[in-house]
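Take a look at the structure set out below.
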Amino acid sequence: MLSRYGPQNAPAGDVGTALMLIDSRLKGIHRGSTDSDPEQQELTRQFTESLSFSAMDDVLDGTCTLIYMFMTWLRHAHEEHEKDVIEYVVPNLVATMRMMPRSIRPEAIPTMAGLVIAAGTGLSPNLWRKQYGDWTDAEMTPLEATAFLLAEHINRIADDPDFATRLIAEALPTSDDDV
């Protein structure tokens, strides 16, 4: 039975920009920097401030699409081993977020867990979230962290620090595909 919250009803958004932001964060962590490079922070701030409200909405939708794609890959990987993706991914995600109280307020964690569960059960995370109202500013950092943590989880499973980024980049259409 199709749900009105199914991914076929959701905008994909700007997946490329969302992926670039997550990949930048992944690369920074792998360089050993838990804090963003001040120059990188400034470039990211300038970039995001240059986006219109509509473009920011597209990046937000793109981030939700990343979460959906990451959870789809994780679901398939877990099913190959007859394991439940929700059982193995969500507790780890929640525990990690709880260790990040300066970046992620405790009240945002249930929403992010809900997004991941929605994606893990085949629903669109952004449509699932929008049923509760507009996104809040307080949810932006936890949303980015959710996409980042899922990507890092995939990279650890694949034993490849760039696997999650490649997974999405290879799924994105190229200009040659559009011709």
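The values are calculated or read from the model by the stated rules, or taken from the named source; none is laboratory data. What you see is a predicted model; the values in this text were computed from it and never measured. Please note: Cβ atoms are built from the backbone with ideal geometry, for glycine as well, and neighbour counts cover all protein chains shown. For accessibility, only protein heavy atoms count, side chains too; no ligands or nucleic acids. Shrake-Rupley method; radii C 1.70, N 1.55, O 1.52, S 1.80 Å.
Key figures for this structure:
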{"read-out": "All positions within segment 50-70 that are within 18 Å of V90 (Cα to Cα) and of a type in the set (A, V, I, L, M, F, W, C)", "value": "C64, L66, I67, M69, F70"}
{"read-out": "Any chance L26 is part of a helix (DSSP H, G or I) and modelled with pLDDT under 95", "value": "yes"}
{"read-out": "Any chance P125 is open to solvent by 90 Å² or more (accessible area, probe 1.4 Å) and touching a helix residue (DSSP H, G or I) at 6+ places or on another chain (Cβ under 9 Å)", "value": "no"}
{"read-out": "Residues being free of Cβ contacts under 8 Å to residues at least 60 places away in the same chain and either hydrophobic (A, V, I, L, M, F, W, C) or open to solvent by 90 Å² or more (accessible area, probe 1.4 Å) (or both) - total across segment 107-119", "value": "9"}
{"read-out": "In segment 89-106, the residues that are in a helix (DSSP H, G or I), without any contact (Cβ under 8 Å) to a residue 12 or more places away in the chain and open to solvent by 60 Å² or more (accessible area, probe 1.4 Å)", "value": "P91, R98, P106"}
{"read-out": "T141 over 17 Å from A108 (Cα atoms) and without any contact (Cβ under 8 Å) to a residue 40 or more places away in the chain", "value": "no"}
{"read-out": "Check on G62, outside any helix (DSSP H, G or I), open to solvent by less than 30 Å² (accessible area, probe 1.4 Å), over 15 Å from L149 (Cβ atoms) and of a type outside the set (D, E, K, R)", "value": "no"}
{"read-out": "Y132 being open to solvent by 70 Å² or more (accessible area, probe 1.4 Å), out of contact with any Lys or Arg (no Cβ under 7 Å at 6 or more places or on another chain) and either in contact (Cβ under 8 Å) with a residue 24 or more places away in the chain or part of a loop (DSSP other than H, G, I, E, B) (or both)", "value": "yes"}
{"read-out": "Scope segment 49-85; condition within 17 Å of A118 (Cα to Cα) and among the aromatic types (F, W, Y); matching residues", "value": "Y68, F70, W73"}
